[in-house]
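Trainee: Handing you this structure, nothing more for now.
Laboratory data are not the source of any read-out in this text; all were calculated from the coordinates shown. Being a predicted model, the structure only gives us computed values, none of them experimental. Glycine also receives a Cβ, built like all others from the backbone with ideal geometry; neighbour counts cover every protein chain displayed.
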Amino acid sequence: MTGGQCLERHVETITRWIIECERIVAFTGAGISTESGIPDFRGPQGVWTRRDAGLPPPRWRVSPGRVEPNPSHLSLAELQRLGKLEFLITQNTDNLHRRSGIRPELLAELHGNGQILRCLGCDRLYNRREVRWDTNRWGPGYRTQEPVPGQPACAACGERLVSSVVNFGDPLPQKELELAE
Ligand SMILES: [Zn+2]
């Protein structure tokens, strides 16, 4: 069997599973976004693969501002539209699932989302754009950074807003974990 035939078989199998099953839960990681130009971690040119080989980090194939959802993101959104995809769990922080049309209430972003800020007081979420977060002035807003005077605060409780991205040493978000489970 050639590689192409083998791939075709896999596609047929997966298609049959999708048709026959009632409910699908998808779990995605960095691999789904490589096609959009974002490097993964453990692929042949991944961030950790290259680091372990003593190489500099991989280059992004497109600039971060021009990243778009790819056919894999769009096909999951289509499965959701058809009522097949019951829930989507992702480890990605690149916002591409939301941008492809996945409904936020049917999505658990286990490692947060680079575009979303979280209030340390009341857990309310804000889009960076909504609060006019200026990354040049206030940086990425990680929890472990010193807050910078003048940075936006929570409109509801006045507490500090931090990036929702989960870094090494940060706990996983409780609500997202429960939803995923
Ligand atoms: Zn708040």
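Trainee: Going by Cα centres, the stretch 136-151 and the stretch 48-78 are how many Å apart?
Mentor: 26
Trainee: What FRET efficiency would be calculated for the residue pair GLU146, ARG103, taking the C-beta separation as r and a Förster radius of 25 Å, to the nearest 0.05?
Mentor: In this case the efficiency is close to 0.10.
Trainee: Pop the C-beta distance of ALA156 and GLN91 into the FRET formula with R0 = 25 Å and round what comes out to the nearest 0.05.
Mentor: 0.30
Trainee: How large is Rg over Rh for the stretch 116-164, taking Rg from the Cα atoms and Rh as the Kirkwood inverse mean of 1/r across Cα pairs?
Mentor: Result for the stretch 116-164 is an Rg/Rh of 0.90.
Trainee: Then there's this: Apply the Karplus curve 6.51 cos²θ - 1.76 cosθ + 1.60, θ = phi - 60°, to the phi angles in the stretch 50-56 and return the couplings in whole Hz, x for Gly and Pro.
Mentor: Values per residue, Gly and Pro as x: 6, 4, 5, 8, x, 9, x Hz.
Trainee: How much length would be gained if the chain were fully extended between LEU177 and ALA53, taking 0.36 nm per residue of separation minus their Cα-Cα distance, in nm to one decimal?
Mentor: 41.3 nm
Trainee: Can you tell me which of 54-64, 29-39 comes out highest on packing, and rank the rest after it, using the mean Cβ neighbours within 10 Å?
Mentor: So the peptides 54-64, 29-39, ranked by packing, come out 29-39, 54-64.
Trainee: What's the whole-number percent of alpha carbon pairs in the chain lying beyond 30 angstrom?
Mentor: For the chain, the fraction of Cα-Cα distances above 30 Å is 28 percent.
Trainee: Can you give me the angle between helix 3-20 and the longest principal axis of the chain, using Cα atoms only, in degrees from 0 to 90, rounded to the nearest 10?
Mentor: Roughly 70 degrees, rounded to the nearest 10.
Trainee: Counting helices only, and only those DSSP H runs with n ≥ 4, report the 222 nm mean residue ellipticity of the chain as the sum of -39,500 (n - 2.57) divided by its residues, in deg cm²/dmol to the nearest 500.
Mentor: -7500 deg cm²/dmol
Trainee: Nearest 10 degrees, 0 to 90: what angle lies between the long axis of helix 71-81 and the longest principal axis of the chain (Cα atoms)?
Mentor: With rounding to tens, the tilt is 90 degrees.
Trainee: A further question on this structure: Based on the Cβ-Cβ distance of ASN167 and CYS21, what FRET efficiency does E = 1/(1 + (r/R0)^6) give at R0 = 35 Å, to the nearest 0.05?
Mentor: After rounding to 0.05, the efficiency reads 0.50.
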